[in-house]
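Notes to accompany the following structure.
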Amino acid sequence: MNVLVINCGSSSLKFQLINSESEQCIAKGLCERIGIDGSMITYSPAGGEKEVTVTPMADHTDAIRLVLEALTNEKTGVVKSLDEIGAVGHRVVHGGEKFSGSVVITDEVMAAVEECNDLAPLHNPANLIGINACKKLMPDTPMVGVFDTAFHQTMPEEAYMYGLPYEYYQKYKIRRYGFHGTSHSYVSKRAAEVLGVPYESLKTIVCHLGNGASVSAVKNGKCVDTSMGLTPLEGLIMGTRSGDIDPAIIEFIAHKENKSIDDVMSILNKKSGVLGLSDNLSSDFRDLEAGYNNGDENAIRTMKTYCYHVAKYIGAYTAAMNGVDVICFTAGIGENAPLVRRLTCGYLGYLGITLDEEANGKRGEDLVISTPDSATKVMVIPTNEELAIARETVRLVG
Ligand code: AMP
């Protein structure tokens with residue numbers, strides 16, 4: 001079956017068409033600036049030329065219509081008709097406490113997702129718009145929702161509760177939810193597969209280090225803790241997000257700089273992280289790695305602080321699981337930045353970790369990057385959230 005995987009943002013839409021038997025991506029692309037001047041669609045059929053077309057897209061229905069036209073185009077399309085698309089899998093960011101797994105999308109599910117909008121006001125409404133647009137154009141095709149939060153729903157109460165008045169949990173469901181769950185689930189399972197050991201026997205720490213970043217502790221196949229919280233702002237230092245800070249800093253900055261809470265929140269989301277810490281050198285680790293190697297003091301401070309924080313979470317999650325067998329690095333930075341892995345593992349001597357420097361220099365494949373005698377294994381596992389969504393979709397409607 002061919003599964004169309006859709007990841008819808010407020011003004012963008014990423015898509016992949018995946019054949020579930022071969023698990024290969026047949027075509028992929030991106031619609032950008034939806035509803036804004038200069039909308040464009042990028043379409044890349046596997047083995048074919050990438051096409052970029054600037055064309056008006058008033059809304060997400062227009063965008064999906066263009067995606068379907070590209071996929072069925074006589075010359076450059078990859079399927080003859082929409083009948084060859086068996087199902088659609090949608091990434092949905094927040095499932096709150098309602099969804100602990102993927103679900104076939106029904107009217108009741110749509111209503112329940114809408115109830116979670118408050119928890120992810122930037123993401124969930126966009127996800128719902130994408131689902132509605134697909135339903136309009138493909139009314140008879142089954143659709144599945146795969147939630148970023150679902151994998152983390154197995155966390156015990158002591159891991160997801162904050163030290164806040166309990167009534168806020170009761171009234172507003174303020175608690176840790178965690179994100180990137182599809183990636184944490186995929187990578188932890190893949191690590192067990194590559195090592196040839198049962199998933200249920202392992203204690204794994206997954207470091208998903210991308211522009212957004214989170215760490216999770218996966219014990220015997222279940223997530224027991226993760227670093228992102230009620231929102232994706234908590235936890236590690238990220239590209240432009242601060243991660244953990246003393247909450248009193250918000251009031252302090254607001255007073256000193258005469259700013260509103262909204263202004264300060266925008267600074268914490270968009271101007272902080274490695275971008276802010278490096279005094280605006282860059283949010284991109286390619287630049288930071290180059291700066292570090294050239295002795296740039298902003299890059300050195302940023303790299304050291306970033307990796308120290310990753311290592312601190314690894315220590316915390318080793319305690320949470322009473323040990324760790326495997327540490328996995330994934331996502332843009334985790335997969336591509338050997339320096340980040342080396343500096344982070346430099347703090348983990350107490351786990352008996354020795355890095356294989358040659359393996360650590362490779363990229364693009366599932367790899368063990370610790371030496372054979374390392375007491376804890378360290379791996380790089382390229383994440384594939386689209387494939388994980390396609391698998392979930394086939395499992396539910398297959
Ligand atoms: P993601 O959000 O998973 O797509 O990750 C995006 C981030 O990965 C970028 O902002 C870069 O910081 C980082 N990245 C991508 N490629 C490289 C590379 N070759 N070396 C170091 N960092 C990279």
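The values are calculated or read from the model by the stated rules, or taken from the named source; none is laboratory data. Nothing here was measured: the structure is a model prediction, and the numbers come from that model. Ideal geometry is used to build each Cβ from the backbone, glycine not excepted, and the neighbour counts take in all protein chains shown. Accessible surface areas use protein heavy atoms only, side chains included; no ligands, DNA or RNA. Shrake-Rupley method; radii C 1.70, N 1.55, O 1.52, S 1.80 Å.
Of the residues making up the range 213-232, those that are in a loop (DSSP other than H, G, I, E, B), at pLDDT 95 or above and not hydroxyl-bearing (Ser, Thr, Tyr) number 5. For Cys207, the conditions (1) without any contact (Cβ under 8 Å) to a residue 24 or more places away in the chain; (2) part of a strand (DSSP E or B) all hold with the exception of (1). The residues of the range 227-279 that are more than 29 Å from Phe151 (Cβ to Cβ) and β-branched (Val, Ile, Thr), listed by number, are Ile249, Ile250, Ile253, Ile261, Val264, Ile267.
Determine whether Leu288 is modelled with pLDDT of 95 or more, open to solvent by less than 80 Å² (accessible area, probe 1.4 Å), in a loop (DSSP other than H, G, I, E, B) and within 15 Å of the ligand (Cβ to nearest atom).
Working: modelled with pLDDT of 95 or more: yes; open to solvent by less than 80 Å² (accessible area, probe 1.4 Å): yes; in a loop (DSSP other than H, G, I, E, B): no; within 15 Å of the ligand (Cβ to nearest atom): yes.
For Leu288, the condition - modelled with pLDDT of 95 or more, open to solvent by less than 80 Å² (accessible area, probe 1.4 Å), in a loop (DSSP other than H, G, I, E, B) and within 15 Å of the ligand (Cβ to nearest atom) - is not met.
To keep it simple, each residue is scored yes or no on (1) under 12 Å from Cys134 (Cα atoms); (2) of a type in the set (Val, Ile, Thr).
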position	(1), (2)
Ser44	no, no
Ala70	no, no
Val78	no, yes
Ala87	yes, no
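Among the criteria (1) more than 22 Å from Asp118 (Cα to Cα); (2) within 13 Å of the ligand (Cβ to nearest atom); (3) surrounded by 24 or more Cβ atoms within 10 Å (Cβ to Cβ), the one Asn211 does not fulfil is (3).
Mind listing whichever residues of the range 50-65 are touching a residue at least 12 places away in the same chain (Cβ under 8 Å) and open to solvent by 40 Å² or more (accessible area, probe 1.4 Å)? Quick ask: steps written out before the conclusion?
Within the range 50-65, the subset touching a residue at least 12 places away in the same chain (Cβ under 8 Å) is 51-65.
Of everything in the range 50-65, those that are touching a residue at least 12 places away in the same chain (Cβ under 8 Å) and open to solvent by 40 Å² or more (accessible area, probe 1.4 Å) turn out to be Glu51, Val52, Thr53, Val54, Pro56, Ala58, Asp59, Asp62, Arg65.
Ala254 meets each of the listed conditions (1) modelled with pLDDT of 95 or more; (2) in contact with a Phe, Trp or Tyr (Cβ under 9 Å, 6 or more places away or on another chain) apart from (2). Restricting Ser102, Ser44, Ser22 to residues that are within 30 Å of Met161 (Cβ to Cβ) and of a type in the set (S, T, N, Q) narrows the list to Ser102.
Return the only residue of Gly332, Gly364 being within 16 Å of the ligand (Cβ to nearest atom), under 22 Å from the mean Cα position of the chain (by Cα), surrounded by fewer than 19 Cβ atoms within 10 Å (Cβ to Cβ) and assigned to a helix (DSSP H, G or I). Spell out the reasoning first.
Numbers: Gly364 fails: assigned to a helix (DSSP H, G or I).
Residue meeting the stated conditions: Gly332.
Would you check if there is a residue in the range 22-32 being touching a helix residue (DSSP H, G or I) at 6+ places or on another chain (Cβ under 8 Å), farther than 19 Å from Leu137 by Cβ and crowded, with 18+ Cβ neighbours inside 10 Å? Scanning the range 22-32, I find at least one residue that is touching a helix residue (DSSP H, G or I) at 6+ places or on another chain (Cβ under 8 Å), farther than 19 Å from Leu137 by Cβ and crowded, with 18+ Cβ neighbours inside 10 Å, so the answer is yes.
Just a yes or no: is a residue in the range 266-276 closer than 30 Å to Asn220 by Cα and either part of a loop (DSSP other than H, G, I, E, B) or touching an Asp or Glu at 6+ places or on another chain (Cβ under 9 Å) (or both)?
Here is the first cut: in the range 266-276, the residues closer than 30 Å to Asn220 by Cα are none.
No, because not a single residue in the range 266-276 is closer than 30 Å to Asn220 by Cα and either part of a loop (DSSP other than H, G, I, E, B) or touching an Asp or Glu at 6+ places or on another chain (Cβ under 9 Å) (or both).
Number of residues in the range 297-315 that are open to solvent by less than 50 Å² (accessible area, probe 1.4 Å) and out of contact with any Phe, Trp or Tyr (no Cβ under 6 Å at 6 or more places or on another chain): the value is 10. Listed by position, the helices (runs of 4 or more DSSP H) enclosed by the range 102-179 that each have at least 2 residues that are touching a Leu at 6+ places or on another chain (Cβ under 8 Å) are 107-115, 124-137. Filtering the range 217-242 to residues that are within 15 Å of the ligand (Cβ to nearest atom) and either of a type in the set (Asp, Glu) or surrounded by 22 or more Cβ atoms within 10 Å (Cβ to Cβ) (or both) leaves Met228, Pro232, Gly235, Leu236, Ile237, Met238, Arg241. Annotation note: Cβ proximity below 7 Å between a residue of the range 262-289 that is more than 24 Å from Leu339 (Cα to Cα) and a residue that is near the ligand (Cβ under 10 Å from one of its atoms) (sequence gap 6+ or interchain) occurs for Asn269/Thr240; Lys270/Thr240.
Looking at the range 383-398, which of its residues are within 18 Å of Lys189 (Cα to Cα) and open to solvent by 30 Å² or more (accessible area, probe 1.4 Å)?
To start, the set of residues in the range 383-398 that are within 18 Å of Lys189 (Cα to Cα) comprises 383-395.
Listed by number, the residues that qualify are Thr383, Asn384, Glu385, Glu386, Arg391, Glu392, Val394, Arg395.
Please go through the range 66-117 and pick out each residue that is open to solvent by 40 Å² or more (accessible area, probe 1.4 Å), in contact (Cβ under 8 Å) with a residue 40 or more places away in the chain and under 30 Å from Arg175 (Cα atoms). Within the range 66-117, Arg91, Glu97, Ser100, Val104 qualify. So which residues in the range 335-361 are in a loop (DSSP other than H, G, I, E, B), open to solvent by 10 Å² or more (accessible area, probe 1.4 Å) and either within 16 Å of the ligand (Cβ to nearest atom) or closer than 19 Å to Ala290 by Cα (or both)? Selection gives Gly361 alone.
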